[in-house]
Amino acid sequence: LGTLSLIAGIDLLTGIAIPVVSETHKSSDFICLLEKLDAMYPKGDIIRIICDNHSAHKSKEVQAYLSTKPEGRFVFVFTPAHGSWLNLIEGFFSKMTKQMQRGIRVASKQELEDRIYLYFDEVNADPVVFHWSYKLDDLSSVVG
């Protein structure tokens, strides 16, 4: 039936997960997530986003979108290459795969998209705020 792409973020203060499901994994899909985030937060807030180094996160299209926003509205922090474990959303995707996707059969891409959004709705009904258990000094010895 094909595949779908999921781009998402987690608000570290509230635990709310914000998804965008699409047929592609392009800059325009990432911009769709940025638009959702922009609408969610007061105009004066800074939105900090931890990203991997996917080209869609740094593209000309994304830069053009960002240029329409006040300077500093979005601040990106990029994880190091092979450092996906540092990005909380990657752990969320792993958990989602184990809880919701493993072994399922769907009749269409639309059904899969509906199931993904339903999963996010269920998780967001009782969000869990993640608390880092490492202190910076401890983390330095793990990655260093």
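Give the range 20-55 a look and list any residue that's hydrophobic (A, V, I, L, M, F, W, C), assigned to a helix (DSSP H, G or I) and touching a strand residue (DSSP E or B) at 6+ places or on another chain (Cβ under 8 Å), or say none. Spell out how you get there, then give the answer.
Looking only at the range 20-55, we keep the residues that are hydrophobic (A, V, I, L, M, F, W, C), and these are 20-21, 30-34, 37, 39-40, 46-47, 49-51.
Next, only the ones that are assigned to a helix (DSSP H, G or I) stay: 30-34, 37, 39-40.
Residues satisfying the conditions are PHE30, CYS32, LEU33, LEU34, LEU37, MET40.
Among the residues of the range 59-102, count how many are assigned to a loop (DSSP other than H, G, I, E, B), of a type outside the set (Gly, Ala, Ser) and over 15 Å from the mean Cα position of the chain (by Cα).
Here is the first cut: in the range 59-102, the ones assigned to a loop (DSSP other than H, G, I, E, B) are 59, 67-73, 79-83, 87, 102.
From what is left, the residues that are of a type outside the set (Gly, Ala, Ser) are 68-71, 73, 79-80, 82, 87, 102.
From what is left, the residues that are over 15 Å from the mean Cα position of the chain (by Cα) are 68-71, 73, 80, 82, 102.
Residues that pass the stated criteria total 8.
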Residue ID - modelled with the highest pLDDT, chosen from residues in the range 17-54 that are open to solvent by 50 Å² or more (accessible area, probe 1.4 Å), farther than 23 Å from GLU111 by Cβ and among the β-branched types (Val, Ile, Thr)
ILE46
Do we find that ASP52 is in contact (Cβ under 8 Å) with a residue 24 or more places away in the chain, under 15 Å from the mean Cα position of the chain (by Cα) and within 16 Å of VAL20 (Cα to Cα) in this structure?
no
Which residues, taken from the range 56-76, are surrounded by 11 or more Cβ atoms within 10 Å (Cβ to Cβ), among the hydrophobic types (A, V, I, L, M, F, W, C) and either in contact with a strand residue (DSSP E or B) (Cβ under 7 Å, 6 or more places away or on another chain) or modelled with pLDDT under 90 (or both)?
ALA56, LEU66, PHE74, PHE76
Considering the range 19-40 alone, what residues qualify as being more than 17 Å from THR68 (Cα to Cα) and polar (S, T, N, Q)?
SER22, THR24
Can you list residue pairs whose Cβ atoms sit under 8 Å apart, with the first residue in the range 7-29 being free of Cβ contacts under 8 Å to residues at least 24 places away in the same chain and the second being of a type in the set (Ser, Thr, Tyr)? Count only pairs 6 or more apart in sequence or on different chains.
SER22/SER5; THR24/SER5
Check the range 77-93 and report whether any residue there is closer than 22 Å to MET40 by Cβ, surrounded by fewer than 11 Cβ atoms within 10 Å (Cβ to Cβ) and in contact with a strand residue (DSSP E or B) (Cβ under 6 Å, 6 or more places away or on another chain).
yes
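Scan the range 113-127 residue by residue and report those that are in a helix (DSSP H, G or I) and within 12 Å of GLY15 (Cα to Cα).
PHE120, VAL123, ASN124, ALA125, listed by residue number.
The values are calculated or read from the model by the stated rules, or taken from the named source; none is laboratory data. Since this is a predicted model, take the numbers as computed values, not measurements. Ideal geometry is used to build each Cβ from the backbone, glycine not excepted, and the neighbour counts take in all protein chains shown. Protein only, heavy atoms only, side chains kept; ligands, DNA and RNA dropped before computing areas. Shrake-Rupley method; radii C 1.70, N 1.55, O 1.52, S 1.80 Å.
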